[in-house]
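The structure appears right after this line, and notes come after that.
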Amino acid sequence: NQAVSLQHTTVLSPQWRSVWWAELRKEVLTSPSTFDGRGSVSTDFQRLFGNLEWKPLPAWILNSGVMLEQSELGGKTVSPRLMLNWHVSQGHTLRAGVSTAFRPPSAFEKYAAVRYYDQSGKNPITTVLSSGNVGPEKIESRELGYNLALPARGLSGDVRIFDERITDGIERPRRIDQPSDFVSPNDHLNIQNYRIQGLEHQLQWKPSAPSLLMVTQTWTHISGVEQLRVLKGAARYAMSLTGSYAFNNGYVVSLMHAQSEDIALMSPRDTFYNIVRTDVRIAKSFRLSGRKAELSLVIQNLDQPVRDGDSKFFFDRRAFVTLKAEL
């Protein structure tokens, strides 16, 4: 990746502020096994973003912006956004917003040519062959939110209700018109259209200087699509819980727990899983030759092995001892 960017912010008045940002980026992806015949794909991106902030009243802020993007992968796209914030009272803010965004296809989705040859370098078998006709995915998002910030009580948090519509979603469908998928090359197509609705929140509480608690929860519902891998692409319910405490003798103990329910993995089978993982970390700060140092023990996945990306792969319990010292 090679990129150069420039950003400029202007305060026009107490009620008006603006920011614009521009970027030129060049990405080169080299993989002879993925881009047979090409070997590599080079893509140039040009991006221009502008945002205007208006504060008509002390408690109200309106942000409007737009992103212009052009690339060989996704063509030309225009992504507007609008967000309204209302500071109801000290530490309490409501917001509502709409936005449009595009995801250009990856180099693999656009130009993949995956072939396997025999030992003589002949008789190729093609498993993936992208035509180059795929375009960008589009997402239209609407959200309502609430932000909490009460530092005197050690509380901060955020709640978000969202409704997202994905059109022209990119998919590489499985071929069912041939005896074997292995010898039926697949192309990437813009054929997915579905809706994602949900609610998510995060809450952080610092009851005392040495202690910290954080919790997040998300409920997600996907509709409008028949493919089960997409329908269950996000967990119906997911949560995480993190707690830490710093003792006076320099020890810091942290516990992290996460779980996802009713989610599909990468396996082709129509099976859904619940994933639970708990990690613990114990660290001790001290001085080494007059400099700050830390010795820590991390145990990942205290519970049973969890599936990782595919039903055939598991993330086992593991432990790490780390020594960190300042130079």
What residue, of E23, E27, is under 21 Å from S130 (Cβ atoms) and either outside any strand (DSSP E or B) or touching a strand residue (DSSP E or B) at 6+ places or on another chain (Cβ under 6 Å) (or both)? E27
When restricted to G243, G250, G290, G309, the only residue touching a Leu at 6+ places or on another chain (Cβ under 8 Å) and on the phi > 0 side of the Ramachandran plot is G309
Residues of the stretch 287-327 being basic (K, R) and within 23 Å of S244 (Cα to Cα), in sequence order, are R287, K292, R317, R318, K324
Selected residue (only one of V298, V321 is touching a strand residue (DSSP E or B) at 6+ places or on another chain (Cβ under 8 Å), more than 23 Å from D262 (Cβ to Cβ) and open to solvent by less than 40 Å² (accessible area, probe 1.4 Å)): V298
Give me the residue from the stretch 46-62 that is more than 16 Å from Q7 (Cβ to Cβ) and in contact with a Lys or Arg (Cβ under 9 Å, 6 or more places away or on another chain) and, out of that set, least open to solvent (accessible area, probe 1.4 Å). I61
Tell me, yes or no, whether the stretch 33-42 has at least one residue that is aromatic (F, W, Y), at pLDDT 95 or above and part of a strand (DSSP E or B). no
Matching residues in the stretch 301-318 - criterion: being in contact (Cβ under 8 Å) with a residue 40 or more places away in the chain and either surrounded by 13 or more Cβ atoms within 10 Å (Cβ to Cβ) or among the basic types (K, R) (or both): R307, S311, K312
Being buried (at least 16 other Cβ atoms within 10 Å of the Cβ) and more than 20 Å from the chain's Cα centre (by Cα) is the filter here, so list the residues in the stretch 88-108 that pass it. T93, R95
Restricting to the stretch 262-279, name every residue that is of a type in the set (D, E, K, R), at pLDDT 85 or above and open to solvent by 70 Å² or more (accessible area, probe 1.4 Å). R277
E261 vs. criteria over 28 Å from L150 (Cβ atoms), out of contact with any Ser or Thr (no Cβ under 6 Å at 6 or more places or on another chain) and free of Cβ contacts under 8 Å to residues at least 24 places away in the same chain: no
Can you tell me which residue is farthest from the chain's Cα centre (by Cα) among those in the stretch 129-149 that are at pLDDT 95 or above and open to solvent by 40 Å² or more (accessible area, probe 1.4 Å)? A149
If we ask which residues in the stretch 280-327 are more than 24 Å from M266 (Cα to Cα) and either at pLDDT 95 or above or assigned to a strand (DSSP E or B) (or both), their number turns out to be 25
Inter-residue pairs, beta-carbon under 9 Å, first small (G, A, S) and in the stretch 80-94, second open to solvent by less than 70 Å² (accessible area, probe 1.4 Å) and outside any loop (DSSP other than H, G, I, E, B), 6+ apart: G91/N147; G91/L148; G91/A149; G91/L150; G91/L155; G91/S156
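Which residue out of R160, R153, R115 is in contact (Cβ under 8 Å) with a residue 60 or more places away in the chain, of a type in the set (K, R) and surrounded by fewer than 18 Cβ atoms within 10 Å (Cβ to Cβ)?
From the options R160, R153, R115, the qualifying one is R115.
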Considering only residues that are within 19 Å of G157 (Cα to Cα) and either in contact (Cβ under 8 Å) with a residue 40 or more places away in the chain or open to solvent by 40 Å² or more (accessible area, probe 1.4 Å) (or both), which ones fall in the stretch 243-257? M256, H257
Pair list, Cβ under 6 Å, 6 or more apart: the stretch 201-228 residue closer than 22 Å to F162 by Cα, other residue outside any strand (DSSP E or B): T220/A234; I222/L231; V225/L231; L228/D270
Among the residues of the stretch 1-39, write down those that are open to solvent by less than 50 Å² (accessible area, probe 1.4 Å) and among the hydroxyl-bearing types (S, T, Y). T10, S13, S18, S31, T34
Would the stretch 68-80 turn up any residue that is assigned to a strand (DSSP E or B), hydrophobic (A, V, I, L, M, F, W, C) and within 29 Å of L12 (Cα to Cα)? yes
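The values are calculated or read from the model by the stated rules, or taken from the named source; none is laboratory data. Just so it is clear, the structure is predicted and the values come from calculations on it, not from any experiment. Neighbour counts run over all protein chains shown; Cβ positions are idealised from the backbone, glycine included. Areas reflect the complete protein model, heavy atoms only, side chains present, ligands, DNA and RNA absent. Shrake-Rupley method; radii C 1.70, N 1.55, O 1.52, S 1.80 Å.
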